[in-house]
1. Filter segment 283-316 down to the residues that are over 18 Å from H140 (Cα atoms), hydrophobic (A, V, I, L, M, F, W, C) and not in a helix (DSSP H, G or I) and list them by number.
2. Can you report the number of residues in segment 99-127 which are outside any helix (DSSP H, G or I) and under 24 Å from the mean Cα position of the chain (by Cα)?
3. Against the condition surrounded by 12 or more Cβ atoms within 10 Å (Cβ to Cβ), part of a helix (DSSP H, G or I) and in contact (Cβ under 8 Å) with a residue 60 or more places away in the chain, how does V224 come out, does it pass?
4. Whether any residue in segment 130-139 is touching a Pro at 6+ places or on another chain (Cβ under 8 Å), part of a helix (DSSP H, G or I) and at pLDDT 80 or above is what I want to check.
5. Out of all the residues in segment 333-384, which are crowded, with 18+ Cβ neighbours inside 10 Å and not in a helix (DSSP H, G or I)?
6. Does segment 196-217 contain at least one residue that is under 41 Å from the mean Cα position of the chain (by Cα) and aliphatic (A, V, I, L, M)?
Amino acid sequence: MTLYHYTGRSASGDAISGELEAANEGVVATRLQGQNIIPIKIKVHKAEEEKKKKVETGSYFDPKVTSDHLNMFCRQMYALTRSGIPLVTAINGLADSSSSPTLTRVLREVVVDLTNGNSLSSSLMLHKKIFSHLFVSLVHVGESTGKLDEAFKKLVAHIELEAATRKRVKSALRYPMIVFTAMGGAMMVINLFVIPTFAKVFESFDAELPVPTKILMATSEFTVNYWWVILSIVTGAIISLRSYKKTDRGELMFDRLKLRIPLVGKVLKKIALARFTRSFAMLSASGVPVVQSIKITCNALGNRYISESIATMSRGIEQGDTLTNTAAATKMFTPLILQMISVGEETGSLDRLLDDVSDFYEQEIDYDLKMLADSIEPIMLVFMGGMVLILALGVFLPMWELTSVVN
């Protein structure tokens, strides 16, 4: 139960205020009307709001709940609800057996809310950092239709696909990141230790040094003498960019720029669209209205720019337009995908065809990731060759000249 503060008027017109504990605002209004009180304002009590805020944020040092933890939770909930075990008993048992301390704490708080008369979806909604809007919406649909086990079954499939997609992206980018990190470390070592040693040797001979060597020596000298300036600028830039990215405008700009990155941008776009079609199909098959499904899935795409583009679809549908026309207006989908959506609308099998669209995107993502790995390798080779050439010219050219001077 939640504690609410209300203000109202009695039958004689006197102002009345007080607190009531109830499941929601509607229950509070019904009780007040039963007492011949006309409710004017009903809101959650301040102490209750602070409690909910504390529950939602948790401790700063709480370990993160991973997709593996959520996947296991949904699998176990599917088995338990299918067996007819009461929710409080099931979640209590899962809290005792969970390997995540954070999830254990959250599940114990959910049990308390369930005992106080709240629904499972409203209890999970208090923990937005762990359970997404999509997650809570599917649980709510499962509760409303009496098919909670099916809701958890769909969530298992959704979480596994999301984890598989992240794993593929990380696998494709792991090798390039390792190579570039190693190259950056090597350049720092050469600048700070190797080139200064050669500089002392070159200075002992009164000879004109080549331009590449002068550039390398000047760069090395600046790095050695002003490393703290470079470190301060880099640190300040990172902090500033991260702070700006947390704003609405910054997040929109960064997510838009991501889609313009060569080779990587189109993969990120397809991942977001695959996530949209898969989530939309799942909600549609569960009986969630089209407009509400679009609004829910927009919050789960991982790209603010694409989310805002697709959010315009719900406004178009509310004005009486078709899903196909609104999807075409976003300019996010290819003609083939739009044709499949159109057929789904006409035949009444939109959820099945959107699942096919999601599978199509998944195949495209697999192919693009393989092409990405193949395309990055020659780029890295050229870049590494250029760095080696610069270092070779900077170090060996003066050595040849010094040899001629000694001779």
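1. Passing the criteria: only L301.
2. Qualifying residue count for the region: 4.
3. Values: surrounded by 12 or more Cβ atoms within 10 Å (Cβ to Cβ): yes; part of a helix (DSSP H, G or I): yes; in contact (Cβ under 8 Å) with a residue 60 or more places away in the chain: no.
Against the criterion (surrounded by 12 or more Cβ atoms within 10 Å (Cβ to Cβ), part of a helix (DSSP H, G or I) and in contact (Cβ under 8 Å) with a residue 60 or more places away in the chain), V224 does not qualify.
4. Quick first cut of segment 130-139, residues touching a Pro at 6+ places or on another chain (Cβ under 8 Å) only: none.
No - not one qualifying residue is present in segment 130-139.
5. F333
6. Of the residues in segment 196-217, the ones under 41 Å from the mean Cα position of the chain (by Cα) are none.
No.
One line per residue, one yes/no per condition, for (1) within 22 Å of V288 (Cβ to Cβ); (2) among the acidic types (D, E); (3) assigned by TED's automatic domain parsing to the domain that holds Q292:
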position: I91; (1), (2), (3): no, no, no
position: L94; (1), (2), (3): no, no, no
position: S100; (1), (2), (3): no, no, no
position: L107; (1), (2), (3): no, no, no
position: M125; (1), (2), (3): yes, no, no
position: S137; (1), (2), (3): yes, no, no
position: E143; (1), (2), (3): yes, yes, no
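The values are calculated or read from the model by the stated rules, or taken from the named source; none is laboratory data. This is a predicted model, so every value here is computed, not measured. Please note: Cβ atoms are built from the backbone with ideal geometry, for glycine as well, and neighbour counts cover all protein chains shown.
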